[in-house]
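*Asks:* Structure in structure tokens, see below.
The values are calculated or read from the model by the stated rules, or taken from the named source; none is laboratory data. Predicted, not measured: the structure shown is a model, and the values here were computed from it. Don't worry about glycine lacking a Cβ; one is built from the backbone with ideal geometry, like all the others, and counts go over all protein chains shown. Accessible surface is based on the protein model in full, side chains and every heavy atom, while ligands, DNA and RNA are left aside. Shrake-Rupley method; radii C 1.70, N 1.55, O 1.52, S 1.80 Å.
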Amino acid sequence: MKVDAIDLLYQHRVDPNVNIEDVAGAVKELIQTGKVKHFGLSEAGVKTIRRAHAVQPLTAVQSEYSLWWRKPEQEVIPTLEELGIGFVPYSPLGKGFLTGAIDENKKFDSSDFRSTLPRFTPEALKANQALIDLLGGIAKRKKATPAQIALAWLLAQKPWIVPIPGTTKLNRLEENIGAVTVELTHDDVRDIDAAAWLRANFSQPMKVEELAGLVHMSVSSFHEHFKSVTSMSPLHYQKVLTEVRHGMKVERPKSFRISSGYRGVCTTF
């Protein structure tokens, strides 16, 4: 490799047959001898992260994270923030879906691993197209591409989150790098999150009046309640509603609740 030391040494998959303390201890010795500068883990759970970090402080943890896969927000990201560890999302473009180049008519060769993933069935791609439409609309306003908006959304989450999009094409590399110049406003991020939330929680078209009915509220009360739990201004909430109702399908929830005790729309973003 023609280097004196490896900048960041990852264990790319946790070996269940080897104690993570032994792995961290071995990397610690490499750091002490100057052969490695920093220690990282990939696809590790929070308990493993804490155990490894106690032996040799971690610099980075790598896991899949994007607008299309947000599971790390549940436990991993809060743990990393607590411990001061950087986060490196792989597949930040949803394995290509968030670029806007894939729709329900896309056919995957049997050698393409996406052909085995439920997220890439024609039905799933069609159901998720609304999110791509929203990214495309924001991209047009920003004179950017949907992929750049998806990457900019990640960069806007935390200053210590650094996505690693993969590509084999120079023009895509340049496009991805261009995402760092795209500035998303608080309202932009809020719109994207609202669209992702609706996509995740609803499955059949419905009007805002029906949404209000789900929680046994008047439309005005629903507006006020939704605005309060999402910290949206009334004008911005109306803007989001307009985009949702005209730019994507508002859909009926599969399972839902409101933390204040109302049965209805999920309020978690």
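*Asks:* Using Cα pairs closer than 8 Å and at least 6 residues apart in sequence, work out the relative contact order for the stretch 1-138, in percent.
*Replies:* 17 percent.
*Asks:* Per residue of the stretch 73-81, in order, report the coupling 6.51 cos²θ - 1.76 cosθ + 1.60 (Karplus, θ = phi - 60°) as ³J(HN,Hα) in whole Hz, putting x for Gly and Pro.
*Replies:* 5, 5, 9, 5, 4, x, 5, 5, 5
*Asks:* Measuring with a 1.4 Å probe in the full set of protein chains, what accessible area per residue, in whole Å², belongs to the stretch 106-151?
*Replies:* Dividing the accessible area of the stretch 106-151 by its residue count gives 56 Å².
*Asks:* Here's another thing I want to ask about it. What residues have an amide H closer than 5 Å to that of Gly166, excluding those fewer than 5 places away on the same chain, when H is modeled at 1.01 Å from N in the peptide plane?
*Replies:* It is Ser91, by chain and number.
*Asks:* Report the accessible area of Glu123, computed with a 1.4 Å probe over the heavy atoms of all protein chains in place, in Å² rounded to the nearest 10.
*Replies:* 130 Å²
*Asks:* Let me ask another. Quick check: at a probe of 1.4 Å, how many percent of the accessible area of the stretch 1-147 sits on carbon and sulfur atoms?
*Replies:* That share works out to 52 percent.
*Asks:* So, one more: So what is the accessible area of the stretch 1-95 per residue, in Å², with the probe set to 1.4 Å?
*Replies:* Computed with neighbouring chains in place, this is 54 Å² per residue.
*Asks:* Sticking with the crude label model, points 7 Å out along Cα→Cβ, report the distance from Lys2 to Asp103 in nm, one decimal please.
*Replies:* 4.7 nm
*Asks:* Next question. Taking 0.36 nm per residue of separation and subtracting the Cα-Cα distance, what length does fully extending Glu29 through Arg172 add?
*Replies:* Stretched out fully, the Glu29 to Arg172 stretch lengthens by 47.6 nm.
*Asks:* Turning to a different aspect of this structure: Using a/c under 1.5 as the rounded threshold, could you call the stretch 65-155 rounded, prolate or oblate? The axes a ≥ b ≥ c are square roots of the C-alpha gyration tensor eigenvalues, and prolate needs a/b larger than b/c, oblate otherwise.
*Replies:* oblate
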